[in-house]
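To start, the structure itself, in structure tokens.
The values are calculated or read from the model by the stated rules, or taken from the named source; none is laboratory data. Predicted, not measured: the structure shown is a model, and the values here were computed from it. Cβ: placed from backbone, ideal geometry, glycine included. Neighbour counts: every protein chain shown. Just the protein is used for accessible areas: all its heavy atoms, side chains included, with ligands, DNA and RNA removed. Shrake-Rupley method; radii C 1.70, N 1.55, O 1.52, S 1.80 Å.
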Amino acid sequence: MTRFIHDQFAKQYLTELLTPYGEVETSKDITAEVRQIDVLFIPSPQPTQSLETLGILGKMVTNYAIFEPFRNAVSKSEIRSCIGKLFDIHADLERQAKRNDTRINEAELAQLWIFTPTVSSEILESFHGTLDETNWGKGIYFLPKGFKTVVVAIHQLPNTPETLFLRVLGKGKVQRQAVEELEALANNSPFLSDIIQLVHNLIAVLSARQRQEQDIDKDDQELIMKLSEMYQQQLEELKKQGLQEGLQEGRQEGRQEGRQEGIERERRAMIESILQVRFGAVDSQLAAIINPLIAMSREEFTPLLLQLSREELLARFE
């Protein structure tokens, strides 16, 4: 179940990051037996943002790309399955070209990027994975050219700004540190606000799963704690910001209003995120209980959101 949570997060995360640069499709069905690739990316001729913003991830999306992120160390079988899906995509493109009486340039075929927290040297040797440190640095292993496949060992990536968006998809200490860096970067990068929201969604889902099924491993437990700390710090910052806004107005009334508005904005965003992650779209019934939840303290509404079913929540505020 934790793998499923990570998959959903990784798909949303990569979609949010890559949409300004081209067309993104997740869970795309491919022919033969019905299988899905996690993330399919087709670059836009005129991206709305500079690819340099994404660091190494930006280099990966200069061309047609497929991304397969794994929560745990990838196995040989999983690598072969990913390559099989890649070749199905290639075959489909070649059939389309034949029907249209055109030819496919090798450079136009999708490149597969497999993201794994770690990978054994034995697996890399068995697939003849090699580094290209001059152009790509450490942790990025290229399979023989004809396979058009790259294995990215996230825990081997250097801790640099260029690898940040990849390290967020890691595990344990690597992921926690990357999330901290992303949170700090978001203060000066408005376009990252949606990414941070996805991270907050992740904590909501992991927390709910921990309470309901107790299947969260140690790494995810530590991630929950770190994300919880960050959320609390963000809430405190909003409180301070609201207080400062009130002081600038020079009125006690303004201080209270600014502080309260900041708290309510943050609570609303958190509540809406948890509802959306747990129950899908926030319909009119769920929207009707948001204000009563905002009126409660965080300690009161968080357990309700994470533990109660949809029906129980609606009945609680009926």
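Exactly one residue out of Ala91, Ala73, Ala97 is open to solvent by less than 60 Å² (accessible area, probe 1.4 Å) and in a loop (DSSP other than H, G, I, E, B), and it is Ala73. Test of understanding: among Gly129, Gly139, which residue is among the small types (Gly, Ala, Ser) and under 23 Å from Leu17 (Cα atoms)? One residue alone meets the criteria, Gly139.
Lys85 meets the stated requirement of being of a type in the set (Lys, Arg), in contact (Cβ under 8 Å) with a residue 40 or more places away in the chain and in contact with a strand residue (DSSP E or B) (Cβ under 6 Å, 6 or more places away or on another chain).
Under the condition of being crowded, with 23+ Cβ neighbours inside 10 Å and among the β-branched types (Val, Ile, Thr), the residues counted in region 164-177 number 1. Within the set Lys59, Lys28, Lys11, the sole residue that is at pLDDT below 80, closer than 24 Å to His90 by Cβ and surrounded by fewer than 20 Cβ atoms within 10 Å (Cβ to Cβ) turns out to be Lys28. Where helices (runs of 4 or more DSSP H) sit wholly within region 102-215, those with at least 3 residues that are at pLDDT 80 or above occupy 121-126, 164-167, 172-186. When you look at Thr62, is it more than 26 Å from the chain's Cα centre (by Cα), part of a loop (DSSP other than H, G, I, E, B) and of a type outside the set (D, E, K, R), yes or no? So Thr62 does not fit the description; no.
Residues in region 134-147 that are under 21 Å from His90 (Cβ atoms) and surrounded by 21 or more Cβ atoms within 10 Å (Cβ to Cβ): Tyr141 alone. The residue that is farthest from Val74 (Cα to Cα), counting only those in region 100-133 that are hydroxyl-bearing (Ser, Thr, Tyr) and surrounded by 15 or more Cβ atoms within 10 Å (Cβ to Cβ), is Thr118. Since Phe41 meets every condition but one in (1) part of a loop (DSSP other than H, G, I, E, B); (2) within 20 Å of the chain's Cα centre (by Cα); (3) surrounded by 14 or more Cβ atoms within 10 Å (Cβ to Cβ), which condition does it not meet? Failing condition for Phe41: (1).
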